[in-house]
Protein chains: 2
Amino acid sequence: MVNSSAEAFAPATVANLGVGFDILGLALSEPGDVVRVEPLEQTGAHILDIQGDGGKLPRESHKNTACVAANSVLELLGSSHGVGIHLEKRLPLASGLGSSAASAVAAAVAVNALFGTPLSLIELLPACLDGEAAVSGYHADNVAPCLFGGITLSAGVSAEQIYPIPIPDRLHLSLVTPDVEVPTATARAVLPHSVTLRQMVAQTAAVARVMNALYRGDIEALGAAMEADGVVEPARAHLMPLLKEVRTAAKQNGAFGLVISGAGPTLLAVCDEEVTAQKIASAMQMVYNDAGIACIARHARVASSGARILHVTS
Amino acid sequence: MVNSSAEAFAPATVANLGVGFDILGLALSEPGDVVRVEPLEQTGAHILDIQGDGGKLPRESHKNTACVAANSVLELLGSSHGVGIHLEKRLPLASGLGSSAASAVAAAVAVNALFGTPLSLIELLPACLDGEAAVSGYHADNVAPCLFGGITLSAGVSAEQIYPIPIPDRLHLSLVTPDVEVPTATARAVLPHSVTLRQMVAQTAAVARVMNALYRGDIEALGAAMEADGVVEPARAHLMPLLKEVRTAAKQNGAFGLVISGAGPTLLAVCDEEVTAQKIASAMQMVYNDAGIACIARHARVASSGARILHVTS
């Protein structure tokens, strides 16, 4: 271990982009989780403290996503050193913004930095996936954009199955996170086990339209294609309070489409100007506030880079 | 009616491109069907003669794809004139090269030309789909590339749901059509009625990879992604004689992927050089010939334009 402390940031991410269930995702520039790590006498990775989680996250090494990822990095490095983790949760839990992926990725990047950054981001991928798997399955749809940034297609969990997709210049995002919890496990449980061949064809067509729109930078077509989801949103819609009303408000204010971010309850709207994104965020916030539901609304852009080292003390 | 005769060509097409079942397709420059039309005393469209079909195609107006398309164009034009059709089939029937679409499209374009070309290609689309529907369902996956050329994404059957996709510069094709018939109805009947959610996700991922590879012009990635079909090829493989052996031969000669063209039995291989495409075509032909199965093998490129008027006599 070459450093005495290292701190890393990993961003919030939006998985699925509507119809791209389990395969598409994007990174936001803010918010994100921050993990600081330091050497520990005891072997293995251990949580020293967590701030911002309201006491809800598990502290046990094998259950905490940051800790699992940190342990996997130690294993990758063949290190028998111990690492203490300070996790600063800036992402709301179970909100559809890739909270567990952000903690796992920030921890992996921080531990790597503690050792002088011997591993590349690509080499850290399996460790991040291990961390994510501790809470929500071995999926790359949040982890990939969190680690690498940008918009990613995750056709599998190995680095060569993850493809960066161009970020349209004019893509602006609005997000609203109502103060309701939708646990990922619940959101998965309501999904159908099978779909008709016709539904599959429609879903592949819509995903192809999303890809086409991203490459062409056509935000209007992108919004329409993201929404053309005949499988996942219909199954989950009832878990998302005021989905229909928020969609209407977003569109009345210039959104080209609105989808559930990840497993929800955060909703994501897309548009093509910053001022429009601000307006949409306000309009979405008002829908929840009028119904007496607290929420956080923000406008954002896709972050072209993902996790990063914030500080290293040698 | 302003002309006394009009002749049009419509190209062979490859639907599906493997994993893009019912949504992706491309046009070949050759071969194609040729339709010549002329005014007739009798109202409506009527087959006068068909060459090259071995007597297999129906001559009845409501069953013949060219005739149905021609009648739909007459209807679009609000014309009570009669039209006689000479159809020169250059495409093998039920071969997976879009034979019915080519006849329908050539007939529609020819009838339109007989009237002085009042309708655009886009306006002819519904008539071509009517023709295709007479034999193999109301699908645009062959009709769209046949009419417009290039590589198309058909997310539906209206013109605004059909998207042109870039043709990679280095894309070369090899095709082999063994002398066995696989009727589209049979090839459809063997498909599963439903797929698991996991299969759907894998299929959407593979289609997204195809789109990504087409936009990036990455032929190697394209071939791999086209083949990543966990639903349609597994169900149809047993209808395609020597599929595995032809795939092996194609790959040994430089193909990046081999898929069933449309509903088969034509097989399509992709590679990145003309000389390689020639070699692959020869190798595929040899596999069938060694097994005593006659076949036609060819190398080809994607045609950037589709149907065209050949001659008009005023």
Just wondering, is there one or more residues in segment A:138-148 that are surrounded by fewer than 24 Cβ atoms within 10 Å (Cβ to Cβ), modelled with pLDDT under 95 and touching a helix residue (DSSP H, G or I) at 6+ places or on another chain (Cβ under 8 Å)?
-> yes
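Residue-wise test of (1) over 30 Å from residue B:192 (Cβ atoms); (2) at pLDDT below 95; (3) in contact with a Pro (Cβ under 7 Å, 6 or more places away or on another chain).
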| position | (1), (2), (3) |
| --- | --- |
| A:153 | no, no, no |
| A:161 | no, no, no |
| A:181 | yes, yes, no |
| A:185 | no, yes, no |
| A:205 | no, no, no |
| A:210 | no, no, no |
| A:213 | no, no, no |
| A:228 | no, no, no |
| A:234 | no, no, no |
Selection from segment A:68-91 of residues that are part of a helix (DSSP H, G or I), farther than 12 Å from residue A:106 by Cβ and not acidic (Asp, Glu) = A:68, A:71, A:72, A:74, A:76
When segment A:75-100 is checked residue by residue, the ones that are surrounded by fewer than 22 Cβ atoms within 10 Å (Cβ to Cβ) and among the hydrophobic types (A, V, I, L, M, F, W, C) are A:76, A:77, A:93
Could you say whether any residue in segment A:237-250 is buried (at least 24 other Cβ atoms within 10 Å of the Cβ), within 9 Å of chain B (Cβ to nearest Cβ) and within 22 Å of the chain's Cα centre (by Cα)?
-> no
Got a number for residues in segment B:212-236 being basic (Lys, Arg) and either surrounded by fewer than 20 Cβ atoms within 10 Å (Cβ to Cβ) or at the interface with chain A (Cβ under 9 Å from one of its Cβ atoms) (or both)?
-> 1
Of the residues that sit in segment A:130-144 and are closer than 20 Å to residue A:173 by Cβ and in a helix (DSSP H, G or I), which one is nearest to the other protein chains (Cβ to nearest Cβ)?
-> A:144
The condition from (1) within 20 Å of residue A:135 (Cβ to Cβ); (2) surrounded by 24 or more Cβ atoms within 10 Å (Cβ to Cβ); (3) of a type outside the set (Ser, Thr, Tyr) that residue A:18 misses is numbered (1)
Can you tell me which of B:95, B:103 is within 11 Å of the chain's Cα centre (by Cα) and not in a loop (DSSP other than H, G, I, E, B)?
-> B:103
Among the numbered conditions (1) more than 14 Å from chain B (Cβ to nearest Cβ); (2) surrounded by fewer than 24 Cβ atoms within 10 Å (Cβ to Cβ); (3) touching a residue at least 60 places away in the same chain (Cβ under 8 Å), tell me where residue A:159 comes up short.
-> (3)
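Here is a yes/no grid of residues against (1) of a type in the set (Val, Ile, Thr); (2) touching a strand residue (DSSP E or B) at 6+ places or on another chain (Cβ under 7 Å):
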| residue | (1), (2) |
| --- | --- |
| A:86 | no, yes |
| A:90 | no, yes |
| A:105 | yes, yes |
| A:116 | no, no |
| A:119 | no, no |
| A:131 | no, no |
| A:138 | no, no |
| A:145 | no, yes |
Based on what the data block shows, is residue B:209 charged (D, E, K, R), within 11 Å of chain A (Cβ to nearest Cβ) and crowded, with 22+ Cβ neighbours inside 10 Å?
-> yes
Taking residue A:195 as the residue in question, decide whether it is of a type in the set (A, V, I, L, M, F, W, C), surrounded by 19 or more Cβ atoms within 10 Å (Cβ to Cβ), within 14 Å of chain B (Cβ to nearest Cβ) and touching a Phe, Trp or Tyr at 6+ places or on another chain (Cβ under 7 Å).
-> no
Meets criteria (in a loop (DSSP other than H, G, I, E, B), crowded, with 17+ Cβ neighbours inside 10 Å and in contact with a helix residue (DSSP H, G or I) (Cβ under 6 Å, 6 or more places away or on another chain)) for residue A:61 | yes
Strands (runs of 3 or more DSSP E) wholly in segment A:145-253 with at least 1 residues that are more than 27 Å from residue B:19 (Cα to Cα) - which ones?
-> A:172-178
Just wondering, is there one or more residues in segment B:171-189 that are facing another protein chain (nearest Cβ under 9 Å), over 26 Å from residue B:280 (Cα atoms) and surrounded by fewer than 21 Cβ atoms within 10 Å (Cβ to Cβ)?
-> no
Which one of the conditions (1) of a type outside the set (D, E, K, R); (2) more than 16 Å from residue B:24 (Cβ to Cβ); (3) more than 9 Å from chain A (Cβ to nearest Cβ) does residue B:200 fail to meet, given that it meets all the rest?
-> (3)
Determine whether segment B:116-138 contains at least one residue that is of a type in the set (A, V, I, L, M, F, W, C) and farther than 30 Å from residue B:1 by Cβ.
-> no
Could you please find all residues in segment B:1-48 being β-branched (Val, Ile, Thr), outside any strand (DSSP E or B) and either within 14 Å of chain A (Cβ to nearest Cβ) or closer than 16 Å to residue B:71 by Cβ (or both)?
-> B:19, B:23, B:43
Which ones in segment B:120-129 are in contact (Cβ under 8 Å) with a residue 40 or more places away in the chain and either over 23 Å from residue A:228 (Cβ atoms) or outside any helix (DSSP H, G or I) (or both)?
-> B:121, B:123, B:124, B:127, B:128
If residue B:153 passes every condition in (1) within 14 Å of chain A (Cβ to nearest Cβ); (2) surrounded by fewer than 24 Cβ atoms within 10 Å (Cβ to Cβ) but one, which one does it miss?
-> (2)
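The values are calculated or read from the model by the stated rules, or taken from the named source; none is laboratory data. As the structure is a prediction and not an experimental result, all values here were calculated from the model. For neighbour counting, all protein chains shown are included, and Cβ atoms are generated from backbone atoms with ideal geometry for every residue, glycine included.
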